[in-house]
Amino acid sequence: MPPERFYTKTVVGIQLVAKTRREIDALVKALRLIRRRAPKLFRCFRFLDAVLVYPKRSYDNAIYMHDDPYVWVCESGTALESSPAYFAGLLVHEAVHVAQWRRGIRRHSTRMEEEAYHAQRRFLKNIGANDEVAWLDEQFKERWWVKGRGEAQKRSVDRISARHRRFLASYRSGTLPLRHL
């Protein structure tokens, strides 16, 4: 069986890679929303090189900045089931993490998450996405990023990370079959 093909499109200097056109369209809408409604904030995206949508109907995502290029990997459920406003806010959140990394902040911390959360929240509030703000606030209360929340969570994160890293390695090595849109 031939390897799966992925669509790719470059928008404002960011390479988008996804299994379906619908996922690419969701990314394009989110990026355009940010550029249109928050042009100053959009400058954070100059450091994000690619967004990859992993073909699993889940909601996990992670930013990979240890090696060039800087890449955000999200899963298909995030791209397809989030509102354009929430998806844009999530991109804002991750772009803030890239900017933090570029400023030399390398250790993941509550302060890092709070800064990204506040930027995401401000963006959503400024565009009038009140339902998304309420949902984000509920998620933030869970403080999911705090370590020591149990071995089951650690195993889950490790599985996600391994899955994403294999996908990312295929992308970086050029072995991920891409079809340009």
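Among the residues of the stretch 132-164, how many are over 16 Å from residue 114 (Cβ atoms), at pLDDT below 90 and exposed (fewer than 14 other Cβ atoms within 10 Å of the Cβ)?
12
Can you name the residue in the stretch 10-63 that is of a type in the set (Phe, Trp, Tyr) and more than 16 Å from residue 86 (Cβ to Cβ) and is also surrounded by the most Cβ atoms within 10 Å (Cβ to Cβ) among such residues?
Looking at residues that are of a type in the set (Phe, Trp, Tyr) and more than 16 Å from residue 86 (Cβ to Cβ), I get 54.
From the residues in the stretch 68-86 that are of a type in the set (A, V, I, L, M) and part of a helix (DSSP H, G or I), which one is surrounded by the most Cβ atoms within 10 Å (Cβ to Cβ)?
Checked the stretch 68-86; the qualifying residue surrounded by the most Cβ atoms within 10 Å (Cβ to Cβ) is 79.
Out of the stretch 7-30, which residues are at pLDDT below 95 and among the aromatic types (Phe, Trp, Tyr)?
none
Can you tell me which residue is farthest from residue 71 (Cα to Cα) among those in the stretch 99-131 that are hydroxyl-bearing (Ser, Thr, Tyr) and loosely packed, with under 14 Cβ neighbours inside 10 Å? Outline the logic, then answer.
As a first pass, look at the stretch 99-131 and keep what is hydroxyl-bearing (Ser, Thr, Tyr): 109-110, 117.
Checking which are loosely packed, with under 14 Cβ neighbours inside 10 Å leaves us with 109-110.
On the way: 109: 20, 110: 22 Å.
Taking the candidates together, the pick is 110.
Would the stretch 87-109 turn up any residue that is among the polar types (S, T, N, Q), touching a residue at least 40 places away in the same chain (Cβ under 8 Å) and either touching a Phe, Trp or Tyr at 6+ places or on another chain (Cβ under 7 Å) or not in a helix (DSSP H, G or I) (or both)?
Quick first cut of the stretch 87-109, residues among the polar types (S, T, N, Q) only: 100, 109.
Those left that are additionally touching a residue at least 40 places away in the same chain (Cβ under 8 Å): none.
There is no residue in the stretch 87-109 that is among the polar types (S, T, N, Q), touching a residue at least 40 places away in the same chain (Cβ under 8 Å) and either touching a Phe, Trp or Tyr at 6+ places or on another chain (Cβ under 7 Å) or not in a helix (DSSP H, G or I) (or both).
List pairs: first residue in the stretch 65-83 and farther than 18 Å from residue 8 by Cβ and of a type in the set (Phe, Trp, Tyr), second residue crowded, with 21+ Cβ neighbours inside 10 Å and at pLDDT below 90 anywhere in the structure, Cβ distance under 7 angstrom, at least six positions apart or on different chains.
none
The values are calculated or read from the model by the stated rules, or taken from the named source; none is laboratory data. This structure is a prediction, so every number in the text was calculated from the model and none was measured. All Cβ positions, even for glycine, are placed from backbone atoms using ideal geometry, and neighbour counts span all protein chains on display.
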